[in-house]
Amino acid sequence: MIAGWVHAAFPVDDASRIGEARRHAAAQARELGWDEVDAGRLALVVTELGSNLLRHAHKGRLLLAARPQSGEIEVLAIDKGPGIINVAQCLGDGFSTGSTPGTGLGAVRRLADVFDLHSSVPQGTAVLARLARQRLLPPRGRGVELGAVAVCAPGEVVCGDGWTASLDGHRAAVLLADGLGHGPQAAEAAQAALAVFGRAPHGDLCATLEEAHRELRSTRGAAVTALQADGGDGSIRSAGAGNVTVRIVAGDGDRTLLSQHGTIGVQIRRLQEVRAEWPPHAVIVLHSDGIEGRWTPQLIHPLLAHDPALIAAVLVRDHFRGRDDATVVVLRRKG
């Protein structure tokens with residue numbers, strides 16, 4: 001099982017916020033047992049991405065999360081403009097639009113184990129840098145690739161959303177829970193749902209959610225959706241109650257899988273499973289209602305071949321409501 005990570009968010013409106021993000025990254029590296037060399041790489045990546053945001057971007061933010069199962073730390077830099085006209089030129093050493101040597105993005109690409117970037121003018125830029133201890137990443141063969149961004153509601157230190165996943169070859173099982181409200185009590189409800197799902201992630205979805213409904217009666221309740229997807233036969237099954245959105249987005253189509261009304265742990269009707277096809281080049285997007293529901297699929301069409309974490313980051317950048325916890329989980333076939 002993948003224990004869903006939460007991103008620490010740092011608005012980069014002052015140089016001190018870059019230092020704050022760098023200290024947070026250093027603490028994550030220590031928790032994962034990184035040596036000084038790898039921690040140094042991470043510090044340079046955070047500094048370079050933060051400095052770029054401060055110098056060139058509008059409403060820039062750094063998002064950092066440890067991925068304990070793989071020993072990786074993920075750094076995302078997102079902004080709302082002005083965008084990069086010539087990405088290839090900006091990735092070359094020696095290019096600068098300011099008074100710096102211009103080694104920022106080129107250096108980040110060399111230091112990171114996984115690097116991805118998307119930019120549009122004037123909407124903005126999203127950069128992904130993922131680093132691993134001793135530069136050893138798990139093999140990335142065929143199967144299902146998952147990316148996720150989860151952020152706390154403003155002013156909170158725990159996330160009232162929770163997510164978890166099980167990846168088994170071509171099969172993926174995901175649960176996303178949004179505890180009612182935000183803060184510790186919302187987190188308690190979400191975590192209770194994750195615990196139930198973790199006992200049988202590839203089992204009967206409706207039975208799992210009915211068990212979660214019983215378990216969550218002592219909590220304030222949660223909107224919960226469970227989903228199973230098989231990249232081998234192209235099938236998707238989901239079931240849920242409450243405002244968790246599931247969308248299947250491809251270059252030639254978009255479909256939303258509806259959840260029923262109700263709240264797991266409070267009141268639900270008889271649960272029903274929804275089935276759909278997973279087209280070969282489509283991504284599956286799950287998100288809590290901290291993300292506006294009326295985003296257009298065209299927003300992520302240019303990102304369909306990119307790392308799914310970058311897709312999640314762009315949705316958070318452009319459609320975060322700003323008053324609740326927000327989580328986006330994206331599934332994409334790989335290989």
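The values are calculated or read from the model by the stated rules, or taken from the named source; none is laboratory data. Small disclaimer: the values here were computed from a predicted structure and weren't measured. Note that each Cβ is placed from the backbone with ideal geometry, even for glycine, and that neighbours are counted across all protein chains shown. What goes into the accessible areas is simple: the full protein's heavy atoms, side chains included, and nothing from ligands, DNA or RNA. Shrake-Rupley method; radii C 1.70, N 1.55, O 1.52, S 1.80 Å.
Below are the figures for this structure:
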| read-out | value |
| --- | --- |
| Filtered residue count, segment 1-44, keeping only those that are in contact with a helix residue (DSSP H, G or I) (Cβ under 6 Å, 6 or more places away or on another chain) and at pLDDT below 95 | 1 |
| Which numbered condition P297 misses (of (1) surrounded by fewer than 21 Cβ atoms within 10 Å (Cβ to Cβ); (2) closer than 23 Å to A77 by Cβ) | (2) |
| Flag if V144 is closer than 25 Å to G322 by Cα and either without any contact (Cβ under 8 Å) to a residue 12 or more places away in the chain or not in a helix (DSSP H, G or I) (or both) | no |
| Hits in segment 165-224 - residues which are of a type in the set (S, T, Y) and within 19 Å of the chain's Cα centre (by Cα) | S166 |
| Segment 2-13 residues that are within 19 Å of D168 (Cα to Cα) and outside any strand (DSSP E or B), paired with ones that are at pLDDT 95 or above and among the hydroxyl-bearing types (S, T, Y) (beta carbon under 7 Å, 6 or more apart) | G4/T164 |
| Qualifying positions in segment 77-115 - at pLDDT 75 or above, open to solvent by 60 Å² or more (accessible area, probe 1.4 Å) and not in a helix (DSSP H, G or I) | K80, P82, I85, N86 |
| Of residues in segment 66-76 being surrounded by fewer than 24 Cβ atoms within 10 Å (Cβ to Cβ) and in a strand (DSSP E or B), the one modelled with the lowest pLDDT | R67 |
| Only listed residue being of a type in the set (G, A, S) and open to solvent by less than 40 Å² (accessible area, probe 1.4 Å), chosen from A195, A207, A200, A250 | A250 |
| Residue in segment 263-271 that is within 28 Å of D113 (Cβ to Cβ) and either touching a helix residue (DSSP H, G or I) at 6+ places or on another chain (Cβ under 8 Å) or not β-branched (V, I, T) (or both) present | no |
| Filter pass, D324 being modelled with pLDDT of 95 or more and either open to solvent by 40 Å² or more (accessible area, probe 1.4 Å) or of a type in the set (V, I, T) (or both) | no |
| Segment 27-50 - residue that is within 21 Å of the chain's Cα centre (by Cα) and farther than 30 Å from A226 by Cβ and, of those, most open to solvent (accessible area, probe 1.4 Å) | A27 |
| So G203, is it more than 28 Å from G143 (Cα to Cα) and at pLDDT 95 or above | no |
| Qualifying positions in segment 316-335 - under 18 Å from V75 (Cβ atoms) and in a helix (DSSP H, G or I) | V316, R317 |
| Segment 54-65 - residue that is closer than 17 Å to S16 by Cα and within 20 Å of the chain's Cα centre (by Cα) and, of those, surrounded by the fewest Cβ atoms within 10 Å (Cβ to Cβ) | K59 |
| Count of residues meeting criterion [crowded, with 24+ Cβ neighbours inside 10 Å and of a type in the set (S, T, N, Q)] in segment 165-192 | 0 |
| Restricting segment 252-285 to residues that are among the hydrophobic types (A, V, I, L, M, F, W, C) and touching a Lys or Arg at 6+ places or on another chain (Cβ under 6 Å), the residue that is farthest from T219 (Cα to Cα) | V283 |
